[in-house]
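All remarks here apply to the structure that follows.
Every number here is computed from the coordinates shown, using simple stated rules; none is lab data. These numbers were taken from a predicted model, which means no experiment stands behind them. Neighbour counts run over all protein chains shown; Cβ positions are idealised from the backbone, glycine included.
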Amino acid sequence: MSTHLNPPEHCSRCTKTEPLESFLVSSESIWLCASCGKRFRVELDQFRREYTSNPKMAAGVKLLLEGLRDEYALDLEDPDLVETPNRVARMYTELCAGYSTKDPRVHFDTKYPTEEQQLIKVQDISFVSLCVHHLAIITGTVHVGYVPGKWWAGLSKFGRVVDAFANRLQLQEKMTDQIADTIMDGLEPLGVIVVVRAQHDCMSKRGAHKADSMTTTDAVRGIFLSNDKGVKDEFLSLLAIDSSST
């Protein structure tokens with residue numbers, strides 16, 4: 001934080017004229033009021049991202065708002081809209097954070113040897129993603145079953161793999177295959193099954209407007225393909241039991 005003899009009249013983030021403080025962001029100073037400065041510190045501490053977000057994305061959102069202004073006489077000087085481009089840019093930066101993990105198999109770098117070859121089920125891994133066609137929200141759950149070969153991994157690793165793919169522009173069918181293939185490559189199990197159930201805002205909030213629609217996809221690998229020893233039936237049976245009890 002720094003001071004300046006001649007700060008601007010208004011906060012860089014809002015229209016307040018109260019005493020301002022200067023913060024260094026990307027080698028440039030921005031001037032914030034007390035409340036915006038507090039938000040800056042919180043976001044920088046928790047997420048290590050800059051309050052000003054991504055300027056190019058923010059500029060794109062501004063163009064979208066200008067289009068809405070031209071179509072619907074939107075008042076872009078409304079205090080509620082002034083910061084919207086930066087807010088939306090930060091939101092999409094967060095929702096696309098999965099791209100920062102170039103190879104999600106890295107989450108299985110830590111794994112443990114095992115001689116047990118029994119079904120392991122990791123259920124109800126929640127996720128939020130973005131439809132690649134409409135940039136609309138997808139929300140759902142991922143259910144994973146695998147039979148170890150030589151290795152098993154901590155439960156949190158599966159959640160991290162899901163997030164690595166979900167936090168991108170996605171197709172549900174593609175994401176389901178990506179998760180299954182990553183588990184196969186990273187853990188080398190005897191087999192894996194991944195079931196994804198999700199609701200798509202591009203289906204429920206627009207277009208067909210089918211509010212209660214749910215899409216289910218699955219990817220089956222290894223011994224689950226042949227249903228060796230009924231392992232696929234066992235997984236689906238357990239999934240049905242758990243689902244019916246909630």
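Rank by packing, highest mean first: peptides 226-232, 119-125, 63-69, with packing defined as the count of other Cβ atoms within 10 Å averaged across residues.
Working: 226-232: 14.7, 119-125: 16.9, 63-69: 12.1.
The most tightly packed comes first, giving 119-125, 226-232, 63-69.
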May I ask for the Rg/Rh ratio of region 53-95, computed from Cα atoms with Rh as the Kirkwood radius, given to two decimals? 0.99
Charge dipole of region 103-244 built from unit charges on the beta carbon (Lys, Arg +1; Asp, Glu -1), centred at mean Cα; most positive-end Cα among Gln123, Val147, Gln199 is Gln199
Measure nothing fancy, just the Cα-based angle from helix 155-166's long axis to the longest principal axis of the chain, in degrees from 0 to 90, nearest 10. 60 degrees
Between Arg69 and Tyr112, 0.36 nm times their residue separation minus their Cα-Cα distance comes to what? 9.8 nm
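Using only the alpha carbons of the chain, what is the convex hull's orientation-averaged projected area in square nanometres?
17.5 nm²
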C-alpha long axis of helix 55-72 to longest principal axis of the chain, angle in °: 80 degrees
Within the chain, helix-based [θ] at 222 nm, where runs of 4 or more DSSP H residues each add -39,500 (n - 2.57), nearest 500: -12000 deg cm²/dmol
Considering only the chain, percent of DSSP beta bridges that pair antiparallel, nearest 5: 95 percent
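Given an 8 Å cut-off on Cα distances and at least 6 residues of separation, report the relative contact order of the chain as a percent. Could you put the intermediate results ahead of the total?
Details: 392 pairs, mean separation 33.3, N = 246.
After rounding, I find 14 percent.
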Size of electric dipole in region 109-246: Cβ of Lys, Arg +1 and of Asp, Glu -1, about Cα centre, debye, nearest 20: 400 debye
Taking the dipole about the Cα centre of the chain, with the C-beta of Lys and Arg at +1 and of Asp and Glu at -1, give me whichever of Met91, Ala58, Ile183 is farthest to the positive side. Ile183
Taking a ≥ b ≥ c as the square roots of the eigenvalues of the Cα gyration tensor of region 178-246, is the shape rounded (a/c under 1.5), prolate (a/b larger than b/c) or oblate? oblate
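Report the local net charge at Ser204: Lys and Arg +1, Asp and Glu -1, summed over other residues whose C-beta lies under 11 Å from its C-beta. The partial results should precede the final answer.
Working: positive: Lys205, Arg206, Lys210; negative: Asp201, Asp212.
Summing Lys and Arg as +1 and Asp and Glu as -1 gives +1.
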Potential lengthening between Leu81 and Ala240 on full extension [0.36 nm per residue; Cα-Cα distance subtracted]: 52.7 nm
Virtual spin-label span in nm between Ser156 and Asn227, 7 Å along Cα→Cβ: 3.8 nm
Classified through the alpha carbon gyration tensor (a ≥ b ≥ c as square roots of its eigenvalues; rounded if a/c is under 1.5, else prolate when a/b is larger than b/c, else oblate), region 133-179 comes out prolate
